[in-house]
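K.L.:
Attaching a single structure in structure tokens format; questions to follow.
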Ligand SMILES: N[C@@H](CCC(=O)N[C@@H](CS)C(=O)NCC(=O)O)C(=O)O
């Protein structure tokens with residue numbers, strides 16, 4: 001089985017541990033004028049909890065990868081927030097700079113959703129434990145990607161990735177973007193209708209109806225004729241592509257530098 005399939009299988013288990021949070025849109029929010037910024041480590045269980053909520057509120061964001069030993073955005077994060085702790089959310093719409101996953105999740109639900117019930121906030125420690133278990137699973141079985149920086153060259157223009165947090169095939173791509181410290185505009189593409197559930201090849205045979213049940217899903221349907229993630233757009237080279245294995249090869253070929 002190719003590596004990406006094994007990774008995807010491990011990600012299915014880790015997604016199940018998180019009860020598939022970050023797979024469905026709970027509320028479609030009008031996009032705020034300024035993009036949110038998230039200083040993030042893909043393998044960090046706390047960052048995962050925040051990314052799940054971006055998917056569930058259908059919020060796009062600029063993801064600024066800060067892997068261990070990274071230099072490209074880590075110093076910027078310390079300048080902005082005062083310390084190297086991740087996740088760190090910056091919302092230029094309100095001037096808020098927030099550490100602590102629980103506080104960030106509360107803030108996102110309050111600012112862009114319908115608020116979060118107190119009992120969910122009280123359950124945050126449980127969410128942390130299951131997210132840690134999910135990360136541990138990937139560490140033990142998948143070698144934990146998306147943790148440490150690898151040498152790379154920086155693109156001039158932000159990459160764009162259509163993805164949602166629980167997507168098993170998107171995770172390895174986000175992990176590689178993190179390791180290579182490649183910032184990207186996350187186009188949240190979580191499922192907004194039960195018709196969206198299931199692998200695209202199977203689902204598209206079953207449901208012939210209109211594709212595109214959320215902003216970014218509609219965009220994919222209109223511009224590419226299908227709805228599948230991950231989908232990468234790189235304006236630096238005029239590239240736009242589906243298929244996680246091909247995207248990983250492209251990122252390595254284009255941006256990785258041998259140490
Ligand atoms: N209580 C914090 C914990 C955050 C945390 O410990 N993050 C780790 C990464 S998983 C970190 O920032 N480590 C410092 C580093 O990576 O340099 C939260 O919920 O956000």
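Rule-based calculations on the coordinates, nothing more; no lab input. Note that the structure is a prediction, hence the values are computed from the model and not measured. With ideal geometry, Cβ positions are generated from the backbone for all residues, glycine too; neighbour counts draw on all protein chains shown.
K.L.:
Taking the Cα-to-Cβ direction at residue 26 and at residue 103 and moving 7 Å from each Cα, how far apart do the two end points lie in nm?
P.N.:
2.1 nm
K.L.:
Then there's this: Using the 10 angstrom Cβ neighbour count as an exposure proxy, how do 174, 74 rank, fewest first?
P.N.:
Arranged by neighbour count, lowest to highest, 174, 74 become 74, 174.
K.L.:
Arrange the peptides 41-53, 114-126 so that the one whose residues have, on average, the most other Cβ atoms within 10 Å appears first.
P.N.:
Going from most to least packed, we get 41-53, 114-126.
K.L.:
Gain in length, residue 153 to residue 224, computed as 0.36 nm per residue apart minus the alpha-carbon separation, to one decimal in nm? Could you put the intermediate results ahead of the total?
P.N.:
Numbers: separation 71, 0.36 × 71 = 25.56 nm, distance 2.86 nm.
Full-extension gain reported as 22.7 nm.
K.L.:
Translational diffusion coefficient, Stokes-Einstein: compute it for the range 98-178 using the Kirkwood radius over C-alpha pairs as Rh, at 25 °C and 0.890 mPa s, and state it as an integer in µm² s⁻¹.
P.N.:
It comes out at roughly 160 µm²/s.
K.L.:
Here is a follow-up. So what is the calculated 222 nm ellipticity per residue for the chain, using -39500 (n - 2.57) for each DSSP H run with n of 4 or more, over all residues, to the nearest 500 deg cm²/dmol?
P.N.:
Computed mean residue ellipticity for the chain: -13000 deg cm²/dmol.
K.L.:
Normalised by the empirical 2.2 N^0.38 Å for globular proteins, what value does the Cα Rg of the range 10-122 take?
P.N.:
Against the compact-globule rule of thumb, the ratio is 1.05.
K.L.:
Give the whole-number value, in cubic angstrom per residue, of the convex hull volume spanned by the C-alpha atoms of the chain. Before the final figure, lay out the partial values.
P.N.:
Details: hull volume 33.4 nm³, N = 259.
Hull volume over Cα atoms, normalised by residue count, gives 129 Å³.
K.L.:
So, in nm, how far is label residue 94 from label residue 194 when the simple model puts each one 7 Å beyond its Cα toward the Cβ?
P.N.:
Roughly 3.4 nm, to one decimal.
K.L.:
How do 219, 194 rank when sorted from fewest to most other Cβ atoms within 10 Å of their own Cβ?
P.N.:
Neighbour counts put them in this order, fewest first: 194, 219.
K.L.:
Show me, bin by bin at 10 Å from 0, the whole-percent P(r) of the range 28-93 based on Cα pairs.
P.N.:
In order of increasing distance, the bins hold 22, 52, 23, 2 percent.
K.L.:
With r as the distance between the Cβ atoms of residue 120 and residue 79 and R0 = 35 Å, compute the FRET efficiency 1/(1 + (r/R0)^6) and round to 0.05.
P.N.:
For residue 79 and residue 120, the calculated efficiency is 0.60.
K.L.:
Something else: Test of understanding: ordering 68, 171 by Cβ neighbours within 10 Å, fewest first, what list do you get?
P.N.:
68, 171
K.L.:
The range 109-129 to the range 82-107: how many Å between their Cα centroids?
P.N.:
15 Å
K.L.:
Would you please put 97-110, 16-29 in order of how densely packed they are, using the mean number of other Cβ atoms within 10 angstrom per residue and starting with the highest?
P.N.:
Ranked from most to least packed, the peptides come out as 97-110, 16-29.
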